[in-house]
Amino acid sequence: MLSEQDQELLEAYLDDALSPDEVERVAKRLADGPALTAELAAIRQQRRMRAAVWESLAPSEAEASTFAASVIRGIRRQRMMWRMSWITRLGSAAAACILMGLGGGWYLWGRMPAQSTPPALTPPVAVNTTANNSASNNTPGQIHFVANAANELPAGAYQVELTDDSGNVLAVQKFDKLEEAQHFAQDLGQVVERQQDVQNGHVTLVSDHF
Amino acid sequence: MSLEEGAEIDRLFERAVQTHSRRLLTVARGIVGTRASPEDVVQQALTNLYEHRTRYDWRDPGGLLRRSVVNESLRILRRPRMGSVGEEQPGRSESPLGGMIDRETVAQVRAAIDRLPENFRAALVLCEYENMAYTQIAEALNATIPQVKTWIHRARRQLAQMLGDLKPDAVAHPSAKE
């Protein structure tokens, strides 16, 4: 029985793993020793059996070709899916940008300050320049505004005067806003007209009970 | 990378798969035995390579493919065991070497090889089937040359002990070294 070292040497010899000097030494020992030669033969026999095993593990050419084709099909399918995924991601990103742009624009549009149209106000007629005017030739219900020396409109600057037939101011109602003064003047004017209708007989009172 | 370069890489990759599949399946079968499907191992190894295909030179991919299959085979073996894939390994049904070694002998030797530790088995497959040098095997298995020598030697010793006096009925024509 050879030593472990000699067995390993012979294995390396058959594996072409020895240096030229080592190959020469082994060849010389083989020539000189029948035991070494017999061991080498046994090792070769075992290798042939194993070679048969390796060969039996190999698929046929047809099997290998079928396998290769399935691998290639799978890779091509994966490549197609990657491309579709890339296109989908690109499309989603573009759609998201568009939606964000639209949403942001809508949001900003909604928060823009409303275009305030100037009120269609009829500029009141400046008749008096003092606040204590008691005599006036104004038509009842006419709106006046009183400005101070600086031409500013103080609080209650819009005044509606109630006057008699002689034009004497019977009462003055002050308003801060022109619209309020206009509404009051309109109502006052309707009341004055109705009274005149009654006085002129245009309206017949059915009852004085209300 | 341009579209033309990408298409060329894809073409070279597919050609490599067609050229080397048979050999890669044999290597995978030799290493994983009945513990995993060799087809799954090779397919996974090729898929992994394809995902990073731009990194490699596909004009001579033999060593790359082999190393990838070996790594995937060993990775599979080191997972928690799920049990044997099958009782018998698939492969060619006819007797190898032109019927000069009977199928029963082949089955016994194959079973003995399957019982070797995974590193022993991997080193033996790469040495005797792929005819790789010890330095190449060391690189493929991420080991040192002395480790590879030890693994191969111990694999052969264990097989000799397991198989005892098993002899083939006949022998094939010896090679130049044999």
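Examine the stretch A:49-59 for a residue that is part of a loop (DSSP other than H, G, I, E, B) and within 7 Å of another protein chain (Cβ to nearest Cβ), and state whether such a residue exists. Yes, there is a match, as at least one residue in the stretch A:49-59 is part of a loop (DSSP other than H, G, I, E, B) and within 7 Å of another protein chain (Cβ to nearest Cβ). When you scan the stretch A:6-38, how many residues do you find that are within 11 Å of another protein chain (Cβ to nearest Cβ) and part of a helix (DSSP H, G or I)? Going through the stretch A:6-38 one residue at a time, the tally reaches 9. The residue that is nearest to B:R23 (Cα to Cα), among those in the stretch B:115-136 that are more than 10 Å from chain A (Cβ to nearest Cβ) and part of a helix (DSSP H, G or I), is B:L126.
Among residues of the stretch B:1-14 that are closer than 16 Å to A:M80 by Cβ, those with a beta-carbon under 8 Å from a residue that is of a type in the set (D, E, K, R) and assigned to a helix (DSSP H, G or I) at least six positions away or on a different chain give the pairs B:D10/A:R79; B:D10/B:R53; B:F13/B:R53.
Here A:R77, A:R44, A:R48 are screened, and the one residue that is within 30 Å of B:Y50 (Cβ to Cβ) and not hydrophobic (A, V, I, L, M, F, W, C) is A:R77.
The residue that is farthest from B:E128 (Cα to Cα), among those in the stretch B:19-51 that are more than 7 Å from chain A (Cβ to nearest Cβ), within 10 Å of the chain's Cα centre (by Cα) and small (G, A, S), is B:G33. Criterion first (touching a helix residue (DSSP H, G or I) at 6+ places or on another chain (Cβ under 6 Å), assigned to a helix (DSSP H, G or I), within 12 Å of another protein chain (Cβ to nearest Cβ) and not charged (D, E, K, R)) does B:A16 satisfy it? No; evaluated as a whole, the condition is false for this residue. Considering only the stretch B:89-96, I want to know if a residue exists there that is at pLDDT below 65, under 19 Å from the mean Cα position of the chain (by Cα), in a helix (DSSP H, G or I) and surrounded by 13 or more Cβ atoms within 10 Å (Cβ to Cβ). Scanning the stretch B:89-96 turns up at least one residue that is at pLDDT below 65, under 19 Å from the mean Cα position of the chain (by Cα), in a helix (DSSP H, G or I) and surrounded by 13 or more Cβ atoms within 10 Å (Cβ to Cβ).
Is it true that A:L102 is more than 10 Å from chain B (Cβ to nearest Cβ), part of a helix (DSSP H, G or I) and within 32 Å of the chain's Cα centre (by Cα)? Answer is yes for this residue. Remark: pairs (first residue in the stretch A:63-74, facing another protein chain (nearest Cβ under 8 Å); second residue aliphatic (A, V, I, L, M); Cβ separation under 7 Å; 6+ apart in sequence or on different chains) = A:A64/B:L25; A:F67/B:L25; A:A68/B:V17; A:V71/B:V17; A:V71/B:L46; A:I72/B:V17. You will find that of B:R59, B:R79, B:R11, B:R66, the residue that is part of a helix (DSSP H, G or I) and more than 11 Å from the chain's Cα centre (by Cα) is B:R11 and no other.
The values are calculated or read from the model by the stated rules, or taken from the named source; none is laboratory data. Every value quoted in this text rests on a predicted model; they were computed, and no experiment measured them. Positions of Cβ are backbone-derived with ideal geometry, glycine not excepted, and every protein chain shown enters the neighbour counts.
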